[in-house]
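Structure first, then comments.
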Ligand SMILES: Nc1ncnc2c1ncn2[C@@H]1O[C@H](COP(=O)(O)OP(=O)(O)OP(=O)(O)O)[C@@H](O)[C@H]1O
Ligand SMILES: [Mg+2]
């Protein structure tokens, strides 16, 4: 496992990060972001729709370049890398899990898990096939190794995507709404899996979610609003009740806007559970 390094050392450092889309008509979506993430953190990134969560994830994942500022990962300033080095950096350090998992439907679960490895080394070594099989059993897909993706359920496909994200022993796993399309029970199972992997390997997780229950199960919660960091707290430090309060205030899971947020604050009917917000259309 290539997660060498001490816990509590900084693995990601973001300094004065701005992102502006568009040439003629400029749309700034991230404003002077500054934060650090420690090695081994299990962090959730929350915030209303359009607040810039995916944009930030894409920049951290070197899929998108920032307009200004620095992103330093493992001591390396990724702004200075050329496209070839960025691709190598992604494959060496990062694992990606997205809501629409981007698997190859005509390939089997095992083949999909192996793809990020084959990008760097096409030799079909028995060790790597063995490792891919082990990862599939870690995500409780034993017996499904040779089944094609299009013959698996949504939750099973998401677990294949998770196993795939682990194949190159990434130090950082970026998950953008990994449970977005799943029911509550499957979402919890997926979170448990990711947490277990985080504890066992020390890999750092950044998980975008709209689901406050999912966020409440992470160690640190960062909220983006309108491209700025609105909150950044550790539930263990502020206590469970206060953490819930903070999360309830963040937004409604259904409509998820700041306008709604203000209404939600005042709204007696707003509860802890999804769909409890009576102010939603
Ligand atoms: N490639 C792009 N070109 C232009 N504008 C973009 C691009 N990607 C995102 N944006 C804009 O940037 C803003 C932030 O989008 P982003 O996808 O980061 O939000 P988000 O917080 O992930 O939202 P959601 O919760 O709905 O996924 C939005 O206003 C969006 O329209
Ligand atoms: Mg998004």
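Just so you know, all these numbers are worked out from the coordinates, no wet-lab data involved. Not measured: the values here are computed from a predicted model. Glycine gets a Cβ as well: all are built from the backbone with ideal geometry, and neighbour counts include every protein chain shown.
Run through the DSSP bridge list for the chain and note the antiparallel percent, rounded to the nearest 5.
The antiparallel proportion sits near 55 percent.
In Å³ and rounded to a whole number, note down the convex hull volume per residue for the Cα atoms of the stretch 113-163.
Residue-normalised Cα hull volume stands at 76 Å³.
Output the Cα-based Rg and Dmax of the stretch 109-204 in Å, rounding Rg to one decimal and Dmax to a whole number.
12.9, 39
For the stretch 1-111, take every pair of Cα atoms, bin their distances at 10 Å starting from 0, and report each bin as a whole percent.
12, 40, 35, 12, 2
Taking Cα atoms of the chain, Rg/Rh with Kirkwood Rh, to two decimals?
0.97
Please list 110-117, 155-162 highest first by mean number of surrounding beta-carbon atoms within 10 Å per residue.
Those peptides, ordered most packed to least, come out 155-162, 110-117.
Measure off 7 Å from each Cα along the Cα-to-Cβ vector at residue 137 and residue 34, then give the distance between these two points in nanometres to one decimal.
Once both label points are built, they end up 5.0 nm from each other.
For the stretch 153-200, what ratio Rg/Rh do Cα atoms give with a Kirkwood hydrodynamic radius?
Taking Rg over the Kirkwood Rh, I get 0.94.
Most mobile of 87, 62, 215 per a Gaussian network model of the chain (Cα springs, under 10 Å)?
Looking only at 87, 62, 215, the biggest GNM fluctuation is shown by 87.
Any idea what log10 I(q)/I(0) is at q = 0.13, 0.15, 0.17, 0.21 Å⁻¹ for the stretch 180-255, Debye with uniform C-alpha scatterers and no solvent?
So the normalised log intensities work out to -0.42, -0.56, -0.72, -1.07.
Given just the C-alpha atoms of the stretch 34-92, how large is their convex hull per residue in cubic angstrom?
In the stretch 34-92, the Cα convex hull volume per residue is 105 Å³.
Set the Förster radius R0 to 25 Å, insert the Cβ-Cβ distance between residue 219 and residue 124 as r into 1/(1 + (r/R0)^6), and round the FRET efficiency to 0.05.
In this case the efficiency is close to 0.10.
Add -39500 (n - 2.57) for each DSSP H run of 4 or more in the chain, then divide by its residues: what number comes out at 222 nm, to the nearest 500 deg cm²/dmol?
-11000 deg cm²/dmol
Let me know the shape class of the stretch 44-170, please: from the alpha-carbon gyration tensor, a ≥ b ≥ c as square roots of the eigenvalues, rounded when a/c is under 1.5, otherwise prolate if a/b is greater than b/c, or oblate.
Taking the square roots of the gyration eigenvalues as a ≥ b ≥ c, the stretch 44-170 is oblate.
Expressed as cubic angstrom per residue, what is the convex hull volume of the alpha carbon set of the stretch 65-117?
115
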